[in-house]
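Colleague: Below is a structure I'd like to ask you about.
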Amino acid sequence: MNEDVYLLRAEKGLFVVCDGMGGAAAGEVASQMGVNGILQHLEFARGGASGAHAESHDRGWLAHTKRLAAAVRRSNEAIYEQAQRDPSQADMGTTVVAAWIKEHVASVAHVGDSRAYLWHDDRLEPLTRDHSLVEARVHAGLLTREEGSRAPDQNVLVRVLGREPEVDVDVKEVPVQPGDYLLLCSDGLTRMVPEPALATAFARERDPQRICDQLIDAANGRGGADNITVIVVEVRDGWWRRLSSRWKRQPRPTGSTGAQDAETYPQV
Ligand code: CA
């Protein structure tokens, strides 16, 4: 049974990993709903209302960060409502980690213990902090990180999508440049492979697929106790240049506005 779901929309700069939980097949439903909800609520389709659903506590973030956070919150509402309607899915929930790269800034949103990292300047920087009981204890100084990594109750999460009508979404903005890599992954990777070993894969390989393969091999080599989902995004100069020229060549359909064209082909 695989309760992990991932989404790749490289042309839009959007990448998501969800790791579901819940009895029967509910975990798979929750993680699929998490991914679908984000895609739907980002309203990539023409006519999408840019900046809609932003809330007061989002002030100070870039527009696309606010939209990503709002999409995650809407996704939470949809899963929660579904769980309330169907008793067999009452306990379902999912983690989420999402990155939306636009105009050389990666907006990262997360809830739960799926993680994002940035590989920049030969260093792997964590972009998320788990919403887990263990992480809370480490943060409070009650456990060392080393003790935390061996704690028996590592799977206890203090925040997930779908369990409460509203959820706090942690967001972060990080500038990215050619040569950088983003890593998004479920805990099936990070529980098995310590951060220095994650970094080794990026130090050794340049090709994103080979980095993915190395990371998954490393997790399986250390026991592979859970489903392992890994997204590696290579930030390339030509990527947004290509999209930009495609956007310029695209004939503008009658009645559409420039803003909508820019939305359909964002300059990543
Ligand atoms: Ca998992």
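Colleague: Just from the alpha-carbon atoms, what are the Rg and Dmax of the range 63-209 in angstroms?
Modeller: 16.5, 49
Colleague: Tell me, Thr144, Thr229 in order of fewest to most beta-carbon neighbours within 10 Å?
Modeller: On the way: Thr144 11, Thr229 24.
Ordered by Cβ neighbours within 10 Å, fewest first: Thr144, Thr229.
Colleague: Let me ask another. List Val158, Val232 from most exposed to least, where exposure is judged by having the fewest other Cβ atoms within 10 Å. Before the final figure, lay out each step's value.
Modeller: Numbers: Val158 13, Val232 24.
If I rank by nearby Cβ atoms, fewest first, I get Val158, Val232.
Colleague: Once phi is turned into θ = phi - 60°, what whole-Hz ³J(HN,Hα) does the Karplus curve with 6.51, -1.76 and 1.60 give for every residue of the range 168-173, x standing for Gly and Pro?
Modeller: 7, 9, 7, 10, 8, 10
Colleague: Estimate the FRET efficiency between Glu103 and Glu195 by the formula 1/(1 + (r/R0)^6), using the beta-carbon distance for r and 35 Å for R0, to the nearest 0.05.
Modeller: Working: r = 29 Å, r/R0 = 0.82.
After rounding to 0.05, the efficiency reads 0.75.
Colleague: Next question, about the same structure. Given H placed 1.01 Å from N in the peptide plane, which residues other than close sequence neighbours of Asp4 have an amide H under 5 Å from its amide H?
Modeller: Gly20
Colleague: With only alpha-carbon atoms counted, please give the Rg and Dmax of the range 135-237, in Å.
Modeller: When restricted to Cα atoms, the range 135-237 yields Rg and Dmax of 15.8, 44 Å.
Colleague: Between Leu142 and Gln209, what is the label-to-label distance in nm when each label sits 7 Å out along the Cα-to-Cβ direction?
Modeller: 4.6
Colleague: Using θ = phi - 60° and the Karplus relation 6.51 cos²θ - 1.76 cosθ + 1.60, list the HN-Hα couplings for the range 87-102 in order, rounded to whole Hz, with x at every Gly or Pro.
Modeller: x, 6, 10, 4, 9, 6, x, 8, 7, 8, 9, 10, 10, 10, 9, 8
Colleague: Now for a separate question. Which of Ser31, Ser186 comes first, and how do the rest follow, when ranked by fewest Cβ neighbours within 10 Å?
Modeller: Values: Ser31 33, Ser186 30.
Placing the least packed residue first, the sequence is Ser186, Ser31.
Colleague: A further question on this structure: If I model a spin label at Arg74 and Asp217 as a point 7 Å from the Cα along the Cα→Cβ vector, what separation in nanometres do I get?
Modeller: 4.2
Colleague: When the chain is fully extended, how far beyond the present Cα-Cα distance does Leu62 get from Val156, taking 0.36 nm per residue of separation?
Modeller: Details: separation 94, 0.36 × 94 = 33.84 nm, distance 3.19 nm.
Additional length available on full extension: 30.6 nm.
Colleague: For a quick protection proxy, order the peptides 111-124, 63-76 by their average other-Cβ count within 10 Å, most packed first. Mind dumping the intermediate values first?
Modeller: On the way: 111-124: 20.9, 63-76: 22.9.
Going by the mean number of other Cβ atoms within 10 Å, highest first, we get 63-76, 111-124.
Colleague: Could you quote the convex hull projected area for the range 105-185, Cα atoms only and averaged over all directions, in nm²?
Modeller: Details: hull surface 25.7 nm².
Dividing the Cα hull surface by four gives the mean projection, 6.4 nm².
Colleague: Once phi is turned into ³J(HN,Hα) by the Karplus curve 6.51 cos²θ - 1.76 cosθ + 1.60 with θ = phi - 60°, what whole-Hz value does each residue of the range 4-12 show in order, with x for glycine and proline?
Modeller: 8, 9, 10, 9, 10, 10, 4, 5, 9
Each value in this text was obtained by applying a stated rule to the coordinates, not by laboratory testing. Every value quoted in this text rests on a predicted model; they were computed, and no experiment measured them. Positions of Cβ are generated from backbone atoms using ideal geometry, with glycine treated the same way; all protein chains shown enter the neighbour counts.
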